[in-house]
Amino acid sequence: MRKTNWTKLFLAMMLALVLALAACSKDSGGSKEKADGGDSNKGKTEQKGGESEEGIYSIEDFPLVTSNNAEPLEDGELTYGVVTDSPFQGTLNTALYSGAVDWETIKWFDEALLDADADFNYKEGAASFEVSDDKKTYTFKIKDNVNWQDGKPVTAEDWAYSFYVIGHKDYTGVRYDDSFRNIKGMEEYHTGKSDKISGLEVVDDKTLKMTFMDPTPSLLAGGIWPYAIPKHYLEDIPVKDLAKSEKVRKKPLGMGPYKVESIVPGESVVLTRNEDYWRGKPALAKLTVKRVDPSVVVKELEQGKVDMVDSFPTDQYPDNADMKNVEFLGNIDMAYTYIGFKLGTWDKKKGEVKPNPDCKMCDKNLRKAMWYAVDNDAVGKKFYHGLRWSANTLIDPAHKSWYAEDVEAPTYDPEKAKQLLEEAGFKDTDGDGIREDKDGKPLTITFASMSGGDTAEPIAKYYIQAWKQVGLNVELLDGKLHDINSFYERVGEEGNDDPKIDIYQGAWSTGTDVDPSGLYGRNALFNFSRYASEENDKLLEDGLSLEAFDTAYRQKVYKEWQQLMVDEVPVFPTVFRSIVVPVNKRVVNYSAEWEDKEPFLYQLGVSEKEPVK
Amino acid sequence: MNGMWKFTVRRILIMIPQVVLLSILVFIMAKMMPGDALSGLMDPNLDPATLEELREKLGLNDPWYTQYIHWIGDLFHGDMGESFRYKMPVSELIGQRMVNTFWLSLVTLILIYLISVPLGIISGRYNDSLLDQAITGYTYIGFATPLFIFALVLLWIFGFQFGWFPTGGSVTPGSTPGTLDYISSKLYHLLLPAISMALIGTVGTVQYLRNEIIDTKQKDFILTARAKGASESRVYNRHVLRNSLLPIAAFFGYEITGLISGTVFVESIYTYPGMGQLFLESITTRDYSVATALTLLFGIAAILGTLISDIILSLVDPRIRIK
């Protein structure tokens, strides 16, 4: 029953139905593992995203922190909009939530025990830590003044309990992964052989010791689960019933600056000040989190019905850059868009990629020529008004220490593309303006791309045109764009790669940890291009080795890796992305910075009683 | 009355295979959609092995008929499964949303009849007058206007420009259930969506009623009534209306079916968490258990709607009753 015409017809019907409905925005909903949000940078830049003459913006001109310097009101109230086209799922627990949407509620009433620095590495927060010399053992000490909102202290037991929940065999969430398996004794607990995790030792009330089998620098970059859950509150509920329990869905308990007062399922949450918050007294008396549909974000902001939103569609920015009552903050997004070349398939048995040496896209120069042939700079300017810009490597600039700005990557040069193709033997033998392959046979490259948003189609068309100009015949898969589900299924998210696809355009929102092996490693299912080489294996391994705890060494490794990817071109990045964060002008102390530093979320306040309209 | 019962029972019996067939179709089609409940979650921070383990746990890797039998089996025990996305029992989730949709539909229905009956009567009674032309004009425009555009326009004008109505949600955040404030806030929130649905939804009924009245007006028994010297208002109230309203009453069941499709659009536009909205979402996120349960419910509602229509019809019009 898999791929009959029926499927297609049905899909077409469903799509028509979905498309007919208000322009649903498919925001990639990047998973932000780390407590993001709260922080700032005192250095101020100008008021608004600087606009050059042609209506092109640059993310560097956006301020990171609100410029309103007034003192926050004593008992201010604020409305926070979460932009999503579907209701909140309402799984209000750090261990159990799966969508990015629930996180937007959770982050107000709960938080990580560790803060993150500019490189997304852990630093002291509600807990401090020490690392043993062999990097295998981590000892965490929770501060004395860190309490749950019911007054009970946050203990080492609570932190350990989150591991016991996530590792439990009945756990239905999505967090159990390699970083958990890495804990000593975890696998035994997960399979039910043991009811204790031997690698977790509760030394005393406030001290937790974790032992890992295979220490990598990733541990400190988000690889250690930093959230505690209130054991005394939740331990009576069997793990399999946790997600649907009232204590998670209706009366969640956290340690964050605000506590949940009331919930209207799916639509809104009202929170009030947690007087006992460990960092200090939260600035707001009341905070309302409510859902905002992507089609009405602008109106809601304009009329002050929300003070700020969690994400704003960047493509709507140029039309609204002059909104009077709102200040736009901005930052570089942890994401990139890319074009991938299919170089093999997925071997399900072995669980690794199987490169195919005879594939259509196997000629490195063909791939490189395709990179030279496209003008990503123009794509960023024309379609995104400069809020996305030409990318050179597979590590985005939000990972400041790792991004290799100086890696030399192909930029738009159609002549160079033609020359590469000529040299590689892709010549136009029958004079129709289209190149044939090396054996003189017609060459048609099939391109899979996702639908969604206004720009998906024109961009795909632009690429096809650009390739045609250097003599390559590229056609859309089935002659159309595909919705996100069918796109990823056919690209191979379950390992069933569609052999019809030669190249595809995708996007990744990257995690806090820079390690790219989950996307480009030999054993990575998400390595959709199915590229593998020994050199690649080696570099990825080096990046996770003990030596790589030394940042300089790790930087060197990842720089080499970025160069290798540019030379080998299994995929090439097209554009980097940015986020813009609109906040009402009465909002003070809010920052679009990724790092946890002043101003923290609890300092967020308002300087006037009513939103500026 | 005996015949009535027989008729009803027979109709209900026919319903059973209809529902079974519907459930199979729904299930197969849901499974044919590319991707599954986990594909939307894909991101580099999640381990594919974890997802695979989950797929296995959730039975997503079984062949469709195994899954179907499981599903049907549970259904008979009153268990509609668990929503993957919401991580709660489907029955509870739908229950939560159904309340909203129920009130929305009820208010819409009341509005529809409040608007369409007088309009239909005026238009039928004074047919071809300027007033009638205006009303028919409205119905034509209504026919031609897609609900999702119309609803968006109303939201824009009355929600945002004038600010007379709330622009989303089903209730003001933080209000306590059960209080008067809560109830009036709920009503306030559903008024605009209901009006937009009603203004489009009346169209059919108005036209139907108008045609019926014009039709009846020319019947012999009306001529007789007039010939007997009955006053014009008596002719209309006692003779024309009574006969013309019958088919409208019968139309009621179909109206319910129409409302279901309406709520799908309107709830999405007004971010009103109801069943229609849930349905759309469950399809895009491949939340099968929810999608199938809802399609089944909608299907049953539609079948019930026609059943109600038929029953009303047979009640009011003895000629239709089956022997």
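Every number in this text was worked out from the coordinates using simple rules, so none of it is lab data. Bear in mind that the values here come from a model prediction, so they are computed numbers and not experimental data. Every residue, glycine as well, gets a Cβ built from its backbone with ideal geometry; the counts of neighbours run over all protein chains shown.
For the reader, a short list of remarks on this structure follows.
- Mean separation of Cα contacts under 8 Å (6+ apart) over length of segment A:417-558, as relative contact order %: 17 percent
- Label-point gap, in nm, between B:Ile110 and A:Thr455 - each point 7 angstrom along Cα→Cβ: 4.8 nm
- Alpha carbon centroid spacing (whole Å) that separates segment A:514-538 from segment A:562-596: 22 Å
- Fewest-first ordering of A:Ser390, A:Ser449, A:Ser268 by other beta carbons within 10 Å of each residue's beta carbon gives A:Ser390, A:Ser449, A:Ser268.
- Spin-label model, A:Met213/A:Ser545: points 7 Å from Cα along the beta carbon direction are separated by 2.2 nm.
- Backbone N under 16 Å from the B:Val316 label point (7 Å along Cα→Cβ), restricted to segment B:182-215: B:204-215
- Loop-resident GluC sites (Glu not before Pro) (DSSP state other than H, G, I, E or B) in segment A:375-447 with no more than 13 further Cβ atoms inside 10 Å of their Cβ: A:Glu405, A:Glu408.
- Under 14 Å of direct C-alpha separation, and excluding same-chain neighbours fewer than eight residues apart, B:Lys228 reaches these aspartates and glutamates: B:Asp220.
- Förster-model FRET efficiency, 60 Å R0, A:Leu476 and A:Lys281, C-beta, rounded to 0.05: 0.60
- Note on chain A: helix-only mean residue ellipticity at 222 nm, from DSSP H runs of 4+ residues weighted -39500 (n - 2.57) and normalised by residue number, equals -6500 deg cm²/dmol.
- For trypsin sites (Lys or Arg not before Pro), the sites in segment A:174-209 that DSSP calls loop and that have at most 14 other Cβ atoms within 10 Å are A:Lys193, A:Lys196.
- Which of A:Met334, A:Met323 has the fewest Cβ neighbours within 10 Å, and the rest in rising order: A:Met323, A:Met334
- Extension gain for the segment B:Asp181 to B:Ile14, taken as residue separation times 0.36 nm less the Cα-Cα distance, is 55.6 nm to one decimal.
- Gyration tensor (alpha-carbon) shape descriptor, segment A:92-246, a/c threshold 1.5: rounded
- Cβ-derived FRET efficiency at R0 60 Å, A:Ser132 paired with B:Tyr254, nearest 0.05: 0.25
- Cα centroid separation - segment A:439-483 against segment A:277-291, whole Å: 49 Å
- Alpha-carbon centroids, segment A:385-420 and segment B:100-168: separation in whole Å: 55 Å
- Packing-based exposure ordering (other Cβ within 10 Å, fewest first) of A:Tyr97, B:Tyr68, A:Tyr504: B:Tyr68, A:Tyr97, A:Tyr504
- Residues of segment A:489-527 with amide N under 12 Å of the 7 Å Cα→Cβ point at A:Lys354: A:496-497
- Estimated FRET transfer efficiency when R0 is 41 angstrom, pair B:Trp5-B:Arg238 (beta carbons, to 0.05): 0.85
- Extension reserve of the A:Lys324-A:Cys362 stretch, reckoned as 0.36 nm per residue once the Cα distance is removed: 8.4 nm
- Between A:Asp537 and A:Asp406, the simple label model (points 7 Å from Cα in the Cβ direction) yields a spacing of 3.2 nm.
- Look at the dipole of chain B built from charges on Cβ: of B:Gln67, B:Leu209, B:Gly253, the Cα furthest out on the positive end belongs to B:Leu209.
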